[in-house]
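Please read the structure below before turning to the comments.
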Amino acid sequence: MDVETELIIPVKKLEESKMTFAEVFTDVQRRNLTLAMIEDVLEVARLVEGIKPAVVSPDGSVLDFVEERDVRTVSELDVGLNNALEIAIEKSIDKGFRNVLIIPGDVPLIKPDDLRNILDLLSEDRGVVITPSKEKGTNALLLSPPDVLDLHFGGESFSKHFEEARSRGIRPRIYRSERLERDIDRPQDLLKIEILGKGTKTHSFLDSLK
């Protein structure tokens, strides 16, 4: 197939999403913030040759939202992040993808060059590329082949993914990007959107609240 990499974006239930914003946003505003950030990530993915996005979520509203944008969906029954991603990866393999790239839906500042640079670091048929988050988690994980590692998302997962890759004889590559390392998890993170996110759906959403 011409498209070798599936970009998998996991999204939790909207009612549970961005609870750290509960004191500053209404439930509807939290929902719309989450959807705006997802749309920004999808828009970037569409600009990169060789990548096709998919969204995995237990939330029917999320799946409907991305299906309307012609994005493949994977429904999961709230089985937890790692199990949900493993389900999505199995489907990626079934569809013939050689690689999967897992990125959260709350990194609206991501640019096409971030995705291209991650792919460029994959120099072998069997490899791993990781972007750490500021909290020592994992904000991007490129796997080739898709089932080359077990997944350890949650908490300080960067070191777990890094060490498992090494234990399997793989030298993991690290891609660092301020845009990708900082997910939008706290109200103070919104300042970055105001400064750096002009032109994004997330920036437009925040403008609509003024």
Whole-number percent relative contact order across the chain, with pairs defined as alpha carbons under 8 Å at least 6 apart: 23
Using the Cα centre as the reference, give the magnitude of the dipole from point charges on the C-beta atoms of region 92-162 (Lys, Arg: +1; Asp, Glu: -1; all else neutral), rounded to the nearest 20 debye. 60
Lysine pairs with alpha-carbon atoms under 18 Å apart, region 78-210, spacing 8 or more or separate chains: 11
The chain - percent of accessible surface contributed by carbon and sulfur, probe 1.4 Å: 46
Regarding the chain, what are the three Cα extents along the principal axes, ordered largest first, in Å? 51, 30, 30
For the chain, report the accessible area per residue in Å² (1.4 Å probe, heavy atoms, rounded to an integer). 49
Rounded to the nearest 5, the percent of DSSP beta bridges in the chain running antiparallel is 35
Considering the options Ile193, Met37, Val100, tell which one lies farthest towards the positive end of the dipole of the chain, charges being +1 on Lys and Arg and -1 on Asp and Glu at the Cβ, about the Cα centre. Ile193
If contacts are Cα pairs under 8 angstrom and at least 6 residues apart, what is the relative contact order of region 1-85 in percent? 35
Across region 128-135, in residue order, what do the Karplus-derived ³J(HN,Hα) couplings come to in whole Hz, using 6.51 cos²θ - 1.76 cosθ + 1.60 with θ = phi - 60° and x for Gly and Pro? 9, 10, 10, 10, x, 8, 5, 9
At q = 0.21, 0.22, 0.32, 0.35 Å⁻¹, what is the log10 ratio I(q)/I(0) for region 158-197, with the Debye formula run over Cα points and no solvent? -0.70, -0.73, -1.06, -1.14
222 nm mean residue ellipticity, helices alone, for the chain (DSSP H n ≥ 4; -39,500 (n - 2.57); rounded to 500): -11500 deg cm²/dmol
Starting from the amide H of Asn139, placed 1.01 Å from N in the peptide plane, find each other amide H under 5 Å away whose residue is 5 or more places distant or on another chain. Thr131, Ser133
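The values are calculated or read from the model by the stated rules, or taken from the named source; none is laboratory data. In this text, all values refer to a predicted model and were calculated from it rather than measured experimentally. Heads up, the Cβs are rebuilt from the backbone with ideal geometry, glycines too, and the neighbour counts pull from every protein chain shown. Just so you know, the surface numbers come from the protein's heavy atoms only, side chains and all, with ligands and any DNA or RNA stripped out. Shrake-Rupley method; radii C 1.70, N 1.55, O 1.52, S 1.80 Å.
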